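One structure is given below, encoded as structure tokens.
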RNA sequence: GCCGGUUUAGCUCAGCUGGUAGAGCGUCUGAUUUGUAAUCAGGGGGUCGGGGGUUCGAGUCCCUCAACCGGCACCA
């Protein structure tokens with residue numbers, strides 16, 4: 001007999017070679033009916049898996065969260081069978097479960113179109129209704145190779161060859177159809193259920209490499225039950241409503257033109273928001289000891305050769321040639337310009353850390369397919385800064401930047417920030433030793449801050465490793481906002497030095513950092529985060545003063561004048577329209593505060609306030625209203641513990 | 001950049017198998033002076049994304065370029 005442990009601590013004896021399904025049946029037939037997989041020593045496996053002696057076994061029902069991945073993976077197989085039965089000769093590549101659903105990659109002469117999806121979905125539902133059992137078979141490599149060769153499944157052959165020697169070659173079969181697959185799967189195609197939808201067709205490179213052929217990918221979403229699926233579809237529809245591209249047009253914030261793909265035309269209201277963000281950041285940086293500078297947009301090729309951009313980044317640069325045959329480039333980064341500013345005059349160790357900030361607009365020729373509203377553009381404004389410090393100060397400065405960026409995100413309501421640490425890439429400049437030091441400094445700062453992070457090997461910038469601060473958009477896409485990069489290379493390339501206490505000239509270490517990252521992107525994320533309902537301190541128009549009748553026009557003018565004098569962003573609406581009409585319009589425009597003025601208010605010198613989202617109103621004196629709104633409209637205060645540090649003395 | 005899709009009025013969209021364009025909202029004009037999510041009436045507005053082709057005739061079919069959308073790749 002074999003002994004297995006159940007999650008409740010009980011131990012059961014079963015016959016040798018018994019499977020998880022046998023175990024379930026031995027407990028109760030009704031339980032056996034409901035179970036779709038088993039966690040054996042924590043690993044999710046098929047019910048048909050024989051149980052080893054001493055294993056801990058937990059049976060998994062279809063509504064267990066761990067079954068969701070199985071549902072999605074099963075559906076990927078069902079999708080592939082459906083496609084191959086509809087279009088014999090279609091080749092299959094890979095088909096995993098992913099967040100919210102699944103996909104399968106195919107190669108086919110005529111690509112899929114959106115019209116194919118309902119047809120495929122219908123066939124999938126037939127396969128599911130048939131409740132065909134999934135069975136797992138172990139094949140020899142030769143048999144598998146022969147089979148997939150005969151079937152013309154070239155991608156499966158490649159996948160087969162990628163399985164390490166010594167590992168079993170597993171085949172999952174559902175009726176006539178079979179697939180090379182690691183598993184696990186549930187009992188039958190019927191377990192996959194019907195709470196799924198095919199959502200889109202897309203191109204995808206084989207093995208994710210753009211040198212490889214492009215396959216046709218079909219995506220689906222899937223959940224354990226229809227209610228969850230419906231909830232997901234509703235959420236996607238809601239997310240679409242808060243898409244910043246749509247809100248930007250509706251709220252008259254910005255637009256794009258064909259003549260400048262990837263570059264923003266900011267409208268008055270959008271630009272006001274943009275400038276509010278810059279003003280906020282300027283204050284925060286000043287408190288943190290930064291000094292603001294400005295460097296040229298167009299600089300000669302030789303500068304970019306010195307910095308290494310010409311050799312490493314030219315494909316992404318806008319180039320400019322003049323009538324006298326000089327080659328210039330629009331700056332894709334501010335750092336080389338800041339190197340030249342640093343280089344003016346001799347710097348002492350007493351000057352360090354020196355923090356040069358610039359709200360510089362950079363231009364990068366991004367691939368056309370990458371452009372995406374404000375979130376991925378070809379010209380954007382960075383809240384950029386370069387911190388020059390001694391090697392001793394490095395970790396401390398990284399830590400300060402980390403604290404500052406997280407504090408700033410908190411002011412905007414972003415509490416859940418993910419941090420990525422990207423290490424040295426293939427294409428890079430500088431010695432391995434300086435890369436070692438840079439990567440170590442970032443790691444140490446993060447460890448000291450105690451913030452979790454994920455390491456991305458080989459994804460650093462060509463001149464140094466980087467931290468990326470990632471925020472998520474309305475429909476779950478991740479966007480890098482802030483960044484912190486350590487750089488030993490640029491100071492060396494530019495021959496930049498400071499005078500050490502010993503009198504020796506040494507190379508400073510340099511940090512590149514941007515906290516919003518791109519003002520454009522951050523604005524887009526903010527719009528989505530708030531669904532356009534920007535908090536009072538950010539709203540381009542904070543209040544609209546609307547009259548009920550023409551008799552209140554004079555009072556409205558006085559109220560507006562008073563609010564503006566108090567620094568509030570106010571518009572007036574004296575139009576000959578009903579108040580209900582005005583209220584509706586300004587509510588749709590997402591104005592935070594509406595102030596309605598009729599004969600009564602004019603008489604009593606009061607204002608009636610209606611808040612965004614509310615249906616009730618409050619009447620109070622103008623003086624009280626000014627006090628109230630002013631206090632609410634203030635930018636979040638900087639944390640008091642972030643003081644100007646010692647180097648403030650040198651100014 | 002790659003695969004697929006889309007592009008008709010300011011916005012959202014309709015226009016069957018080719019026979020020289022429509023709706024709602026907005027805009028404008030007039031009337032209405034109005035109390036918290038749409039007052040009524042009338043009038044303008046489009047070289048159907050650009051270019052080329054097929055045809056007696058193209059918004060509609062074909063080619064091409066561009067932008068946009070969804071993915072993939074890229075993202076210093």
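The values are calculated or read from the model by the stated rules, or taken from the named source; none is laboratory data. None of the values given here were measured: they were computed from a predicted structure. We place every Cβ from the backbone using ideal geometry, glycine too, and count neighbours over all the protein chains shown.
From the list A:119, A:83, A:78, the one residue that fits, being out of contact with any strand residue (DSSP E or B) (no Cβ under 7 Å at 6 or more places or on another chain) and buried (at least 17 other Cβ atoms within 10 Å of the Cβ), is A:78.
Tally time: how many residues in the range A:541-584 are surrounded by fewer than 16 Cβ atoms within 10 Å (Cβ to Cβ) and under 27 Å from residue A:273 (Cα atoms)?
Of the residues in the range A:541-584, the ones surrounded by fewer than 16 Cβ atoms within 10 Å (Cβ to Cβ) are A:549-551, A:553-554, A:557-558, A:561, A:564-567, A:575-578, A:580-581, A:584.
The next check asks that each one be under 27 Å from residue A:273 (Cα atoms); those that pass are A:557-558, A:561, A:564-567, A:575, A:581, A:584.
Qualifying residue count, the range A:541-584: 10.
Which of (1) free of Cβ contacts under 8 Å to residues at least 24 places away in the same chain; (2) more than 30 Å from residue A:519 (Cβ to Cβ) is the odd one out, the single condition residue A:560 does not satisfy? The one condition residue A:560 does not meet is (2).
State whether one or more residues within the range A:218-225 are surrounded by fewer than 16 Cβ atoms within 10 Å (Cβ to Cβ), within 16 Å of RNA strand B (Cβ to nearest atom) and under 30 Å from the mean Cα position of the chain (by Cα).
Here is the first cut: in the range A:218-225, the ones surrounded by fewer than 16 Cβ atoms within 10 Å (Cβ to Cβ) are A:225.
Keeping just the survivors that are within 16 Å of RNA strand B (Cβ to nearest atom) gives none.
No, the range A:218-225 contains no residue that is surrounded by fewer than 16 Cβ atoms within 10 Å (Cβ to Cβ), within 16 Å of RNA strand B (Cβ to nearest atom) and under 30 Å from the mean Cα position of the chain (by Cα).
If you take just the strands (runs of 3 or more DSSP E) that sit entirely in the range A:429-504, which of them hold at least 2 residues that are in contact with a helix residue (DSSP H, G or I) (Cβ under 6 Å, 6 or more places away or on another chain), in the same structural domain as residue A:412 (by TED's automatic domain parsing) and within 16 Å of RNA strand B (Cβ to nearest atom)? Answer list for the range A:429-504: A:466-472, A:478-487. Mind listing whichever residues of the range A:308-353 are part of a loop (DSSP other than H, G, I, E, B), out of contact with any strand residue (DSSP E or B) (no Cβ under 8 Å at 6 or more places or on another chain) and under 27 Å from residue A:390 (Cα atoms)? Within the range A:308-353, A:308, A:343, A:344, A:345 meet the criteria.
Residues to consider are A:325, A:297; find the one that is more than 14 Å from RNA strand B (Cβ to nearest atom) and under 29 Å from the mean Cα position of the chain (by Cα).
Numbers: A:325 fails: under 29 Å from the mean Cα position of the chain (by Cα).
Among A:325, A:297, only A:297 is more than 14 Å from RNA strand B (Cβ to nearest atom) and under 29 Å from the mean Cα position of the chain (by Cα).
Picking from residues in the range A:367-382 that are more than 6 Å from RNA strand B (Cβ to nearest atom), touching a helix residue (DSSP H, G or I) at 6+ places or on another chain (Cβ under 7 Å) and not in a strand (DSSP E or B), the one that is nearest to residue A:263 (Cα to Cα) is A:377. Residues that are touching a strand residue (DSSP E or B) at 6+ places or on another chain (Cβ under 9 Å) and within 6 Å of RNA strand B (Cβ to nearest atom) within the range A:578-593 comprise A:579, A:583, A:587, listed in sequence order.
Given the condition touching a helix residue (DSSP H, G or I) at 6+ places or on another chain (Cβ under 6 Å), within 25 Å of residue A:138 (Cα to Cα) and in a helix (DSSP H, G or I), answer yes or no: does some residue in the range A:6-24 qualify? Yes; the residues of the range A:6-24 include at least one that is touching a helix residue (DSSP H, G or I) at 6+ places or on another chain (Cβ under 6 Å), within 25 Å of residue A:138 (Cα to Cα) and in a helix (DSSP H, G or I). Summed over the range A:26-68, residues that are free of Cβ contacts under 8 Å to residues at least 40 places away in the same chain, outside any loop (DSSP other than H, G, I, E, B) and under 19 Å from residue A:98 (Cα atoms) total 3.
For every residue, the table says whether it meets (1) buried (at least 19 other Cβ atoms within 10 Å of the Cβ); (2) assigned to a strand (DSSP E or B).
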site: A:138; (1), (2): no, yes
site: A:148; (1), (2): yes, no
site: A:155; (1), (2): yes, no
site: A:161; (1), (2): no, no
site: A:164; (1), (2): no, no
site: A:183; (1), (2): no, no
site: A:199; (1), (2): no, yes
site: A:210; (1), (2): no, no
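Candidates in the range A:356-365 are the residues that are touching a helix residue (DSSP H, G or I) at 6+ places or on another chain (Cβ under 8 Å) and in a strand (DSSP E or B); of these, the one that is farthest from residue A:518 (Cα to Cα) is A:356. Restricting attention to the range A:69-97, the residues that are on the phi > 0 side of the Ramachandran plot and in a helix (DSSP H, G or I) add up to 0. Of all the residues in the range A:86-97, those that are surrounded by fewer than 16 Cβ atoms within 10 Å (Cβ to Cβ) and touching a helix residue (DSSP H, G or I) at 6+ places or on another chain (Cβ under 7 Å) number 2. Of everything in the range A:270-285 that is buried (at least 18 other Cβ atoms within 10 Å of the Cβ) and in contact with a strand residue (DSSP E or B) (Cβ under 7 Å, 6 or more places away or on another chain), the residue that is nearest to residue A:570 (Cα to Cα) is A:270.
Would you call residue A:267 within 10 Å of RNA strand B (Cβ to nearest atom), surrounded by 14 or more Cβ atoms within 10 Å (Cβ to Cβ) and either under 30 Å from residue A:405 (Cβ atoms) or under 22 Å from the mean Cα position of the chain (by Cα) (or both)? Against the criterion (within 10 Å of RNA strand B (Cβ to nearest atom), surrounded by 14 or more Cβ atoms within 10 Å (Cβ to Cβ) and either under 30 Å from residue A:405 (Cβ atoms) or under 22 Å from the mean Cα position of the chain (by Cα) (or both)), residue A:267 does not qualify. Go through the residues of the range A:13-20 one by one and say whether even a single one is more than 35 Å from the chain's Cα centre (by Cα), more than 23 Å from residue A:225 (Cβ to Cβ) and touching a residue at least 40 places away in the same chain (Cβ under 8 Å). The answer is no; no qualifying residue exists.
Tally up the residues in the range A:595-620 that are touching a residue at least 24 places away in the same chain (Cβ under 8 Å) and within 6 Å of RNA strand B (Cβ to nearest atom), please.
First, the residues of the range A:595-620 that are touching a residue at least 24 places away in the same chain (Cβ under 8 Å): A:595-599, A:601-602, A:605, A:607, A:610, A:612-613.
From the residues that got through so far, the ones that are within 6 Å of RNA strand B (Cβ to nearest atom) too are A:596, A:598-599, A:601, A:610.
Residues in the range A:595-620 being touching a residue at least 24 places away in the same chain (Cβ under 8 Å) and within 6 Å of RNA strand B (Cβ to nearest atom): 5 in total.
Of the helices (runs of 4 or more DSSP H) lying entirely inside the range A:506-603, those containing at least 3 residues that are under 27 Å from the mean Cα position of the chain (by Cα) and in the same structural domain as residue A:371 (by TED's automatic domain parsing) span A:519-529.
Consider residue A:385 carefully, then state whether it is surrounded by 21 or more Cβ atoms within 10 Å (Cβ to Cβ), within 15 Å of RNA strand B (Cβ to nearest atom), more than 19 Å from the chain's Cα centre (by Cα) and not in a helix (DSSP H, G or I).
Criteria met by residue A:385.
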